[in-house]
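Asks: Dumping the structure here so I can ask a few things about it.
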C-alpha cells in the first residue's frame, strides 16, 4: 500500500502541478472523514501519512486514565501498560485502526472528499497562476463556441472569449490559434473564469511589446493608445535614446513588425505617432494621415483649433469623424478642424467688422 501511494503521489504531483503536501492533506482529509463516518462521528481519530514513503497510519486518540469514565475518549492504564510501558497516566496514546475495516460506504466517502479537495487545489493553482498574468498576451486554440462565447485552450485550462470581445466581423473556427490579452480572472463556483479580449487597447500595446524589442527593453515607450477595434488604432511612442527612432523601431525593417501586428488584427489600420511635449506638434501628428499646417492651442482649457488645407480636411476628420475622434482620445484635447477657406472667410468677417466699427466712429 505504501509503495503504491508513494508512486501515486509522485505521479499526481507531476501531472497536476500540485505539491505533495497538498496531495497528502487531501488524502488525509478524505480518509479522516471516512473514518469518522465509519465510527459514528467520533472526533478523536487521527491520521499520519509519510509523503516520502507513502506509509499511512490511522489511529484513535485516547487519554490514559486510572479509571475509565468515557470509553470513547479514555483507556485504562492497566490495559496498555504491558504493551506500551513508556506511557503513564495523563498521557494521550494513538491506538492503531485498520483501514481495511472501513467498509464500502466509508471508502466511497473517502474517494469523494479526496476528489473534491484535489479539484479545489487544482482550481486554486490555476487561479494563482493566471492572476499573475492579467494584462499579458496569451496564445490559445479555439475549442468550441457556445451561446456567443468562445472557449479557448490555454495551457491546462480553458479561457473565455466573448463574441463582443472579438474583432468586428471576426469568426473563429475550431482549432484556430489566436492571441488575446488576459483581461481578468474571477473565482466562480465552477472554478476560475479566465476572461480574454481582442478589442482592448491594451491588446494592441501588448502586441507591440511582443514584436518590438526596444519596447521590451524600455528604450521605446508607449505614451498612449486610442482604438476603434477592427477599424483603426493610433499609438503614440517616444524614444529615451536620441539615436533610436521610436516610430522606425515600431515599424521595423520594411514594415515587418507593424505588418505582423496588422495581420493579427485582421487588417486593422495602425497610425504610429511620435509623441511630443509640444502640444501643437503632437496634435498635428495625431491627425495623421492628414498633413496639418497650423494649430492654435489653449493650454489651460486643453482645446485646439486646427487649420487644414482644403484638400486635407476630409483626411483630418476621417470617415464618420473617426480620425479626429481617435486624435482626441490619444491627445486628451478637444480638437476642432477647419479648412483654409473657412479660416480665410472668418478672418475676412473679422476684418469687415473692425472696419465697420472704425467707420462708425469716424462719422459720428
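Each reported figure results from applying straightforward, stated rules to the coordinates on display, with no laboratory input. Please read these numbers as outputs of a predicted model, since none were measured by experiment. Note that we place each Cβ from the backbone using ideal geometry, even for glycine, and neighbour counts take in every protein chain shown.
Asks: When the helix-only estimate is applied to the chain (DSSP H runs of n ≥ 4, each -39,500 (n - 2.57), divided by the residue count), what is the mean residue ellipticity at 222 nm, nearest 500 deg cm²/dmol?
Replies: Working: 12 runs with 142 residues, N = 364.
The per-residue figure over the chain is -12000 deg cm²/dmol.
Asks: Among 129, 214, 72, determine the one that fluctuates most according to a GNM of the chain built with springs between C-alpha atoms less than 10 Å apart.
Replies: Result for the chain, Cα springs under 10 Å: 72 fluctuates most.
Asks: Rounded to the nearest 0.05, what FRET efficiency do residue 81 and residue 217 have when you use their Cβ-Cβ distance and R0 = 51 Å?
Replies: Details: r = 75 Å, r/R0 = 1.47.
Once rounded, the FRET efficiency stands at 0.10.
Asks: According to a simple spin-label model (label point 7 Å from Cα along Cα-to-Cβ), what is the distance in nm between residue 52 and residue 149?
Replies: According to this spin-label approximation, the distance is 4.6 nm.
Asks: Also, quick follow-up: Quick check: pseudo-label points 7 Å beyond the Cα along Cα→Cβ at residue 280 and residue 188, how many nm apart are they?
Replies: 5.4 nm
Asks: For region 137-196, what is the relative contact order in percent, using Cα pairs closer than 8 Å and at least 6 residues apart in sequence? Before the final figure, lay out each step's value.
Replies: Values: 103 pairs, mean separation 21.4, N = 60.
Here the relative contact order equals 36 percent.
Asks: Right, here's the next one. Give me the distance between the Cα centres of region 211-280 and region 130-164, rounded to whole Å.
Replies: So the separation of the two Cα centres works out to 26 Å.
Asks: Next up: Provide the FRET efficiency to the nearest 0.05 for the residue 89-residue 25 pair, computing r from the beta carbons and using R0 = 35 Å.
Replies: Values: r = 34 Å, r/R0 = 0.96.
So the FRET efficiency works out to roughly 0.55.
Asks: Please compute the contact order of region 200-275 in relative form: average sequence separation of alpha-carbon pairs under 8 Å and at least six residues apart, divided by the residue count, as a percent.
Replies: Details: 115 pairs, mean separation 24.3, N = 76.
Value for region 200-275: 32 percent.
Asks: Quickly rank 279-288, 81-90, 130-139 as a protection proxy: mean count of other C-beta atoms within 10 Å, highest first.
Replies: Working: 279-288: 21.5, 81-90: 10.7, 130-139: 15.0.
Per-residue mean Cβ counts within 10 Å order the peptides as 279-288, 130-139, 81-90.
Asks: Can you tell me which of 310, 245, 70 moves the most in a GNM of the chain? Springs connect C-alpha atoms under 10 Å apart.
Replies: 70
Asks: For region 154-209, with equal point scatterers placed on the C-alpha atoms only and solvent neglected, what are the log10 I(q)/I(0) values from the Debye formula at q = 0.15, 0.17, 0.24 1/Å, to two decimals?
Replies: Log10 of I(q)/I(0), two decimals: -0.47, -0.60, -1.08.
Asks: Another question, then. If you average the sequence gap of Cα pairs under 8 Å that are 6 or more apart and divide by the length of the chain, what percent do you get for the contact order? Present the calculation step by step, with values, prior to reporting the outcome.
Replies: Numbers: 582 pairs, mean separation 31.4, N = 364.
So the answer I get is 9 percent.
Asks: Compute the semi-axes of the equivalent ellipsoid of the chain, taking the square root of 5 times each eigenvalue of the Cα gyration tensor, and list them largest first in whole Å.
Replies: 75, 23, 18
Asks: Now for a separate question. Label residue 173 and residue 43 with points 7 Å out from Cα along Cα→Cβ: what is the distance between them in nm?
Replies: For residue 173 paired with residue 43, the spin-label model returns 6.3 nm.
Asks: Mind checking the full-extension length gain between residue 73 and residue 334? Use 0.36 nm per residue of separation minus the Cα-Cα distance, one decimal, nm. Mind dumping the intermediate values first?
Replies: Details: separation 261, 0.36 × 261 = 93.96 nm, distance 7.94 nm.
Length gained between residue 73 and residue 334: 86.0 nm.
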